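The values are calculated or read from the model by the stated rules, or taken from the named source; none is laboratory data. Since the model is a prediction, treat every value here as computed from it, not as a measurement. Ideal geometry is used to build each Cβ from the backbone, glycine not excepted, and the neighbour counts take in all protein chains shown. Quick note on the areas: whole protein, heavy atoms, side chains included, nothing else; ligands and nucleic acids left out. Shrake-Rupley method; radii C 1.70, N 1.55, O 1.52, S 1.80 Å.
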Amino acid sequence: MKFFIKNSLLREEKTDCIVIGIFEFCEFTCANNCFNESVLSYINNFIKKGDIQGKIGQTLLLYNIPNIVSERILLVGCGKKDSLNRYDLSKIVEKSMRILNKFSIKNILFSLMEINIENCDIYWSIRTMVNAINKYFYKNFKINTSLEKDIYLYSISFHIMEKKYFHIANNALKHALAINSGITAAKKLGNLPPNICNPLYLFLQAQKLSEKYKGKIDVTSIDIKEMHDLGMNAYVAVGSGSKNKPYMSVIKYSGKNTIKQEKVIVLIGKGLTFDSGGISIKPSKNMNEMKYDMCGAAAVYGTLIVAAKLNLPLTIIGILAGCENMPGGNAFRPGDILTTMSGKTVEILNTDAEGRLVLCDVLTFIKRFSPDIVIDIATLTGACAVALGSHFSGLFSNDEKLAYDLEKSSQQTNDKIWRLPLSSEYEKELNSSFADFSNVGKGKAGAITAACFLSQFSKEYTWAHLDIAGTAWESGNNQGATGRPVELLSQFLLNESNFF
Ligand code: BES
Ligand code: MN
Ligand code: ZN
C-alpha cells in the first residue's frame, strides 16, 4: 500500500473514491469550494432525503456523480463542527476504512484536511489519520496469516488545500509511516506464542535488524555465561528454572550525528518471554497472557526500527532483556539471597516479582555506555494496571526534565502516561532482615515499590521507568499486543533530535 500527499483539483482526481466529511446540520467540509453546482446539488439531494445526517462515523457511498472524474464519493459524518478532537478524527477515518475495504476499493483520496481539529495542525492530522488506518489494518493480525491478505487497497492519498503545506504534510507522512512500522513490528513480536518467541528468538530478531540496517544498527548478545562472569546473578537466577536460557540483546543504533557531543540514550525492555511466576507460581486463569511479559522488549525493538527508518541523529542503545521465568529443579526460590551486579544483595520473597531482578542487573550493566538518558519499559506490576487501568502507562523518574519531556511526548501522541511518585517512604517497604532489599514491598502500592526497587540501581544517571502492565496488550475478544509505547518513545526521540 502506498501513501501520497496531493494538492490537485478534487474534481479532476482520477481515483476510485474521494472521502469527504459532512458535519451535522449538513455543511460540507470542503466540497463547497472544490466542486461545482451540479456535484453539490447531487450530493445535497441525499442529504435532504435524510440518507445521512452527519453524525460521527456515518457513511454514505455515492456513485455516478456528475462532472467529476472519481468513480465514487464517500460521505462520512464528522459530527458537530468546531468540537472535534483527534480521537474523533481517528474514528472518522476508521469508519471510512471499513466501508472502503468492504467494497474492495483500490485507490482512495481523503479530503478531510479542512476539518478543524482541536490542537491539531496539518502535521498532526496526517499523523492521526495514518495511525488510524494502520490500527484498522493490523488490529486482527494473527500468527501465520500474511498481513496484506485482506487488503485490497493500493493507494491512499491525503488532499491538502494549499501547496505551501506540501513539505510539512510529507514530513508527517514519513514520520507516521515509520512509527507505524515500529508499532506493527512490536505488535507482531508481542503476539507470538512463548514456544516460538523465547529469549534466543528475541536475539535472532534483533540480529536481523543489524542485517537490514547495516551500518546503522549493530547487535551483540550477552549469554548466560557472560552474565555469570559479569556478576548478573539476579538476571541469571530468574532464568535458571527454564530450559530456554536467558539472552540479553544489545542493539546499538548510531545515527549520523552532526552534533559533536552526542547524546547516548539507553532504552531497556523487559523481555520475559513467559512469566509463570516461577516457584511462586501464578494462578492458571489467564496465565497464557504472560507471553506478553516481553512487550517492553518488543517496544524497544519497534522503536529502534523507527529510529533507523527516520535516520534520527542520535546514539541509542536498545536492550532486550530476554528471559523466561519457570518453576523447576534449578529454579530460584523464595528465601534465596542474590548478589546483584551492583554488589547489593536481594532477598527473594516472591519469585513472581522477577522483572525487577532482571532489570536491576541491566540497569547496572548499561553504566558502561555512559548514558545521558536511560528509560526502561516493563510490564512490571499488576498493581500499575489496577492504579491506571488500560489507558495510561505509569511513569516514574528521578529527573524532572526527563519526566516533563516524556509527558510532553505523551500529550503530543495521545500515547498516555501518568507520573507516580518515587519517595523514600516507600523505600522502607523494601527492607529485608537478611539483605539490602527484599524483592517485594510490604505495602499496597505495588507499582511504586517496584519502581523504588529499580531506582536503587539507577542513581548514577538520568532515568525513567515506564510500567506498561496495563497498556501493552488488550485482553478479551479482541486480544492482542497494542504496540505501546512505541509511539510515545518515537516522539520522544524525534523531539530529542530537534525535529520539532
Ligand atoms: N509480569 C508481571 C506483572 C503483570 C501481572 C503484568 C499481570 C500484567 C498483568 C510481574 O512479573 C509480576 O508478576 N508482578 C507481581 C509482583 C508481586 C509478586 C509483588 C504482581 O504484579 O502481582
Ligand atoms: Mn512475575
Ligand atoms: Zn513478569
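In a reduced charge model with +1 at each Lys and Arg Cβ and -1 at each Asp and Glu Cβ, region 410-498 shows a dipole moment near 200 debye about its Cα centre.
Between F25 and K444, what FRET efficiency comes out of the Förster formula 1/(1 + (r/R0)^6) with R0 = 35 Å and r the beta carbon distance, rounded to 0.05? Working shown, then result.
On the way: r = 51 Å, r/R0 = 1.46.
Result of the calculation: an efficiency of 0.10.
Extent along the principal axes, Cα only, for region 238-348: 52, 35, 19 Å, with the longest axis given first. Here the label points at N477 and N286, each 7 Å from Cα along the C-beta direction, are separated by 1.8 nm in the simple model.
Remark: the N116-S83 segment gains 11.1 nm on full extension, using 0.36 nm per residue and subtracting the alpha carbon distance. Of interest is the spacing of the C-alpha centroids, which for region 202-270 and region 325-373 amounts to 17 Å.
Label region 2-162 by shape, choosing from rounded, prolate and oblate, from the square roots a ≥ b ≥ c of the eigenvalues of the Cα gyration tensor; if a/c is under 1.5 it is rounded, and otherwise prolate applies when a/b is larger than b/c, oblate when it is not. Write out the running numbers ahead of the final one.
Details: a/c = 1.56, a/b = 1.32, b/c = 1.18.
Prolate is the answer for region 2-162, as a/c is 1.5 or above and a/b outweighs b/c.
The alpha carbon radius of gyration of region 179-496, expressed as a multiple of 2.2 N^0.38 Å, is 0.90. Just to confirm a number: summing +1 for Lys and Arg and -1 for Asp and Glu over residues other than A445 whose beta-carbon lies under 13 angstrom from that of A445, what do you get? Once positives and negatives cancel, what remains is -1. Here the label points at D218 and S432, each 7 Å from Cα along the C-beta direction, are separated by 3.6 nm in the simple model.
For region 2-162, the share of accessible area belonging to carbon and sulfur comes to 47 percent (1.4 Å probe, ligands and nucleic acids excluded). Among the chymotrypsin sites (Phe, Trp or Tyr not before Pro) found in region 1-91, those both in a DSSP coil and sparsely packed, with 11 or fewer other Cβ atoms within 10 Å of their Cβ, are F25. Assign one of three labels to region 356-416, namely rounded, prolate or oblate, based on the Cα gyration tensor with a ≥ b ≥ c the square roots of its eigenvalues; rounded applies when a/c is under 1.5, prolate when it is not and a/b is larger than b/c, and oblate otherwise. Oblate is the answer for region 356-416, as a/c is 1.5 or above yet b/c matches or exceeds a/b. Other residues within the sphere of radius under 11 Å centred on the Cβ of A383, judged by their own Cβ, net out at 0 (K and R +1, D and E -1).
Accessible area per residue, 1.4 Å probe, Å², for the chain: what's the number?
Working: 21130 Å² over 500 residues.
It amounts to 42 Å² per residue over the chain.
Computed from the Cβ-Cβ distance with R0 of 41 Å, the FRET efficiency linking R419 to Q207 stands at 0.70.
Length gained on full extension, N64 to S390: 112.8 nm, using 0.36 nm per residue less the C-alpha separation.
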